[in-house]
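The values are calculated or read from the model by the stated rules, or taken from the named source; none is laboratory data. Keep in mind that what you see is a predicted model, and the values were worked out from it rather than measured. All Cβ positions, glycine included, derive from the backbone under ideal geometry; neighbour counts span all protein chains shown. These area figures cover heavy atoms from the full protein model, side chains too; ligands, DNA and RNA do not enter into them. Shrake-Rupley method; radii C 1.70, N 1.55, O 1.52, S 1.80 Å.
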Amino acid sequence: MSSMDDRNGKHRDNRLRREPLIRNSSLWVNAGETDPMGSRFKIADTDFLDDITERTNCPKCHKSRKYYCYSCYELMDDIRDRVPRVTLPVKVDVIKHVQEVDGKSTSPHVRLIAPQDTTVHTFPDIPDYRHQRVVLVFPAPNARTLKQVFADGVTDEEIPVTIETKVLELSGENMLSERWNVGANGKEWNDSRRVWTVDSLHDCTPHLPPHSDKESTLSTTGMPFDRVVFIDSTWRQTRQILKDPRISPLLTTSTVILSEHESLFWRHQRDSPRTYLSTIEAIYYFFVDLQVILDERDGNCGDYDHRYDNLLFFFKHTYNKLRLKYNV
């Protein structure tokens, strides 16, 4: 075989390996829908972003940016007053690894849309989360649903689990950076005790009876925690972060998994289910799940009122631009 034939064969093999990923992208999976984002969410109009054709300098670092600075989390002047804001019921901490590429992540979106309630930390410069009222969204073997956290509270008592074998040795690059495993059809840590479907979210049965001793774990706002932590990094970087003693205790006391939701993220990961969420989707669905629980607790059993949908504002813009680009 000639060198040219060999190169053509390798090119053909690479194309065949990529095709399943392309077909599994949400852009193609939902190609038959006129407006996948519009049919699921109530997000502010993003069309004005298409009018931005020039890049400007970030007011802080002075680097050239188009819509926002993903290093300083600053909106550019042309859109600063037009981007919607969202108020969150608990604080959000996003932990990024110092080696993580800033521009590829969706996590800056929450800092831009909910700036008063969000802090981004770059590891190793992170807070000490020991003995704080905080939950970590992470698919640990002992992770609980939000409904279970409201029933049991957040304590320093460890839940027995072999962390070294089931968490710190997990493999799969970039899973945490842009994929959050949230369903029963994912990896080994999802078992029947922790499956929480959307249907069960709308069960309006009270889960914290009056005068329960669990009420002592709730703050004056009626929340069992004050802060939620998300890790935005590759698996290799995540293992390093989770070994840090300032956050590692959360693995055995305060990990949370989300209910099952289908991702619309455009970069599909090989051999992963449709329920692997991008980071901003995971943050969004955490607050949707939380709001359903709060409404249920207060006796409000109506549909979710879309109050957090604008967290997906920049996600929607990128999604629609890619649909237009690839004509799907």
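Note on Ala31 and Asn300: the model spin-label points, each 7 Å out from Cα along the C-beta direction, lie 4.1 nm apart. Carbon-plus-sulfur fraction of the accessible area of the range 44-83, 1.4 Å probe, in percent? Carbon plus sulfur share of accessible area: 40 percent. For the range 44-83, a simple Cβ point-charge model (Lys and Arg +1, Asp and Glu -1, everything else neutral) yields a dipole of about 360 debye relative to the Cα centre. Karplus-based coupling profile of the range 240-254, in residue order and whole Hz: 5, 4, 6, 7, 5, x, 6, 10, 4, x, 5, 5, 9, 10, 9, with θ = phi - 60° in 6.51 cos²θ - 1.76 cosθ + 1.60 and x standing for Gly or Pro. A cut-off of 5 Å between modelled amide H atoms, ignoring neighbours fewer than 5 places along the same chain, links Thr255 with Leu136, Arg144.
Over the Cα atoms of the range 44-83, what is the Rg over Rh ratio if Rh follows Kirkwood?
Numbers: Rg = 9.8 Å, Rh = 10.3 Å.
Rounded to two decimals, Rg over Rh is 0.95.
Over every Cα atom in the range 253-328, the radius of gyration and the widest Cα-Cα span, Dmax, amount to 14.8, 47 Å.
Scalar couplings 3J(HN,Hα) for the range 222-237, obtained by applying the Karplus form with A = 6.51, B = -1.76, C = 1.60 to θ = phi - 60°, are x, 10, x, 8, 10, 8, 10, 10, 10, 9, 10, 6, 6, 4, 4, 5 Hz; x denotes Gly and Pro. As a calculated quantity, the FRET efficiency between Phe48 and Asp128 at R0 = 41 Å, using C-beta atoms, amounts to about 0.45. Can you list the residues, at least 5 places off or on another chain, whose amide H is less than 5 Å from the amide H of Thr122, using H built in the peptide plane? Amide H neighbours of Thr122, under 5 Å, 5+ apart: Lys96. In the structure shown, the pairs Lys42/Lys321; Lys66/Lys325; Lys66/Lys321 are assessed against 21 Å; each Cα-Cα span is contained within that value.
Taken over the range 32-129, the ratio of Cα radius of gyration to 2.2 N^0.38 Å equals 1.21.
By how many nm would the segment from Thr56 to Thr87 lengthen if fully extended, with 0.36 nm per residue of separation less the alpha-carbon distance? The partial results should precede the final answer.
On the way: separation 31, 0.36 × 31 = 11.16 nm, distance 2.77 nm.
Using 0.36 nm per residue and subtracting the Cα-Cα distance, I get 8.4 nm.
Give the relative contact order (percent, whole number) for the range 44-83; include only Cα pairs under 8 Å separated by 6+ residues.
Details: 42 pairs, mean separation 11.7, N = 40.
Value for the range 44-83: 29 percent.
Solvent exposure of the range 44-83 amounts to 63 Å² per residue of accessible area, where only protein heavy atoms count and the probe is 1.4 Å. Accessible surface ranking for Asp93, Asp77, Asp35, 1.4 angstrom probe, highest first: Asp77, Asp35, Asp93.
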